Amino acid sequence: MKHPKEERTYVMIKPDGVQKGLIGEIIKRFEQRDLKIVALEMFKPTKDLIDNHYPKKEEWITRLGEKTKATYEKYGYDLVVDFGTDDTSKIGPEVRKWLVDYMTSSPLVKMVVQGVHAVDVVRKIAGQTMPYLADMGTIRGDFSIDSPALANKEKRAVMNIVHCSETPEEAEHEIKHWFGNQAMHEYKRFGVDE
Ligand code: ADP
């Protein structure tokens, strides 16, 4: 069992976060919550790395389609008009493709964030997936209003500034995927580690 201060999560600043000039703001929000950045790099992702980052399981892909369907139903839009079908197993792969296109459209910033309940706290700081629903005070709620209703009309992924792992298991997998065997940096944070 790891020490509670050693929990780690994977964070990636997405193209809209980089292009809105939010790199410093995002890092600041993690650090001011006493979380520690233990790895950090700007890079241009390959299509393959992004493609392998997002799950390929049919269940996950269909879930993307189901979310889109729920939005369309809520707002009275017609899936068939925009997608040519209302089958979520066909809409999911389309949304996943938009996501890969979006994530390869600009340099990104990847980092590993460490601290007490890092996975949950980072997701709380990021706010919920859909920016138009995210609470103010969160990264997504303060800097974006994007929604699937708009994104899907424009045939693109929802732009929500950051990616952060959902569970400690996912974090471990994503840190390995993006940082390989690179060592994480060790240092003491004043007031946190001593
Ligand atoms: P999270 O990134 O919060 O873990 P998901 O894993 O559900 O969210 O989705 C992955 C990413 O796919 C989201 O961050 C968002 O960019 C995009 N996305 C999710 N649902 C939709 C949708 N219905 N339409 C367009 N893009 C979507």
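If Rh is defined by the Kirkwood formula over all Cα pairs and Rg also comes from Cα, what ratio Rg/Rh do you get for the chain? Ratio of gyration radius to Kirkwood radius: 0.99. The packing ranking, built from the mean of other Cβ atoms within 10 Å per residue, places the peptides 102-112, 166-176 in the order 102-112, 166-176, highest first.
Diffusion of the stretch 59-103 by Stokes-Einstein, at 4 °C in a medium of 1.567 mPa s and with Rh set to the Kirkwood radius over alpha-carbon pairs, works out to 125 µm²/s. Report, in degrees rounded to the nearest 10, the 0 to 90 angle that the Cα long axis of helix 23-32 makes with the longest principal axis of the chain. For 23-32 against the chain, the angle is about 50 degrees.
Can you tell me the accessible area per residue over the stretch 59-103, all protein chains present, probe 1.4 angstrom, in square angstrom?
Value for the stretch 59-103: 53 Å² per residue.
Projecting label points 7 angstrom from Cα along Cα→Cβ for L150 and D135 puts them 2.3 nm apart. Using R0 = 45 Å, the C-beta based FRET efficiency linking Y77 and K2 works out to 0.50.
Extension gain, H173 to D34: 0.36 nm times the residue separation minus the Cα-Cα distance gives 47.7 nm. A simple packing score, the average count of other Cβ atoms within 10 Å per residue, orders the peptides 27-40, 116-129 as 116-129, 27-40, with the highest score first. In plain terms, the bigger the Kirkwood radius, the slower the diffusion; for the stretch 1-100, with that radius from Cα pairs, at 20 °C and 1.002 mPa s, Stokes-Einstein puts D at 129 µm²/s. Between Y77, T129, L108, the Cα set farthest toward the positive side of the dipole of the chain (charges on each charged residue's Cβ, about the Cα centre) is that of L108. Going through the cross-link list K5/K47; K14/K57; K5/K97; K20/K155, which pairs have a Cα-Cα distance over 31 Å in this structure? Distance filter (> 31 Å) returns K5/K47; K5/K97. Once the Cα-Cα distance is subtracted from the 0.36 nm per residue extended length, the Q182 to D101 segment shows a gain of 26.5 nm.
Look at the dipole of the stretch 117-194 built from charges on Cβ: of T138, M159, A171, the Cα furthest out on the positive end belongs to M159. The alpha-carbon of K28 sits under 13 angstrom from the alpha-carbon of none of the aspartates and glutamates, leaving out residues fewer than 8 places away in its chain.
Computed from point charges on the beta carbon alone (+1 for Lys and Arg, -1 for Asp and Glu), the dipole magnitude for the chain about its Cα centre is near 320 Debye. Multiplying the residue separation of L49 and E166 by 0.36 nm and subtracting their alpha-carbon distance yields 40.3 nm.
Rounded to whole Å, give me the distance from the Cα center of the stretch 158-177 to that of the stretch 56-78. Here the answer is 21 Å between Cα centres. Note on the stretch 59-103: with charges restricted to the Cβ of Lys and Arg (+1) and Asp and Glu (-1), its dipole about the Cα centre is near 160 debye.
Straight-distance candidates among the aspartates and glutamates for linking to K44, with alpha-carbon spacing under 17 Å and chain neighbours fewer than 8 residues away dropped: D16, D101, E174. Share of carbon and sulfur in the accessible area of the stretch 59-103 stands at 51%, probe radius 1.4 Å.
The values are calculated or read from the model by the stated rules, or taken from the named source; none is laboratory data. Worth saying up front: this structure is predicted, and the values here are computed from it rather than measured. Cβ coordinates were reconstructed from backbone atoms using ideal geometry, including for glycine residues, and neighbour counts include every protein chain displayed. Surface areas here come from the heavy atoms of the whole protein model, side chains and all, with no ligands, DNA or RNA. Shrake-Rupley method; radii C 1.70, N 1.55, O 1.52, S 1.80 Å.
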